[in-house]
């Protein structure tokens, strides 16, 4: 039996980064808000970089509630899409040279999304991490937590339900 040689780590990292960039590039609103994603293996952390345009109440000052909700929903959708694509990324079905938003499946559609505002978002960077509770062929349930300076002091959390896109045979 001939065993296939493992791919070099850099090739795997390049493929993962290309897939994540293609996911994010497909949504211009992510760039407008200034959201970026940090990747460590299969785990994503969304980062909302502070900008004055994100302030809703300048008297406090506090992050706008709509920005907070959009940040959480974006983290949920990209995190869900990332977990949906993980097997294809790892198996090499995604080519880092040709991957683009047009070559990836559509993003999940939001069925409902409930945000709990636990405290005011301060004028500084915010972080969010999504956890997929259930992912089936047609439906997924995701929870998201957002914090700023201390991971144990959440300023918002959310629960969302999503309609999953139909899976096609090939990605590239």
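The values are calculated or read from the model by the stated rules, or taken from the named source; none is laboratory data. Predicted model only: the values in this text are computed from it and were never measured. With ideal geometry, Cβ positions are generated from the backbone for all residues, glycine too; neighbour counts draw on all protein chains shown.
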Worksheet item: Looking at the range 127-151, which of its residues are exposed (fewer than 14 other Cβ atoms within 10 Å of the Cβ) and either closer than 15 Å to residue 48 by Cα or out of contact with any strand residue (DSSP E or B) (no Cβ under 9 Å at 6 or more places or on another chain) (or both)?
Response: 136, 137, 149, 150, 151
Worksheet item: Pairs under 7 Å by beta carbon, first residue over 26 Å from residue 17 (Cβ atoms) in the range 101-117, partner at pLDDT below 95 and surrounded by 12 or more Cβ atoms within 10 Å (Cβ to Cβ), six or more apart or different chains?
Response: none
Practice prompt. Considering only the range 26-73, give the strands (runs of 3 or more DSSP E) lying wholly within it that have at least 3 residues that are modelled with pLDDT of 95 or more.
Written response: 35-40, 43-48
Discussion item. Against the condition at pLDDT below 95, outside any strand (DSSP E or B) and surrounded by fewer than 18 Cβ atoms within 10 Å (Cβ to Cβ), how does residue 119 come out, does it pass?
Written reply: no
Worksheet entry | Subset tally (residues that are touching a strand residue (DSSP E or B) at 6+ places or on another chain (Cβ under 9 Å), free of Cβ contacts under 8 Å to residues at least 40 places away in the same chain and farther than 24 Å from residue 102 by Cα) for the range 1-53 | 0
Item to complete: Would you check which residues across the range 75-106 are in a loop (DSSP other than H, G, I, E, B) and surrounded by 18 or more Cβ atoms within 10 Å (Cβ to Cβ) and list them?
Response: 94, 96, 99, 104
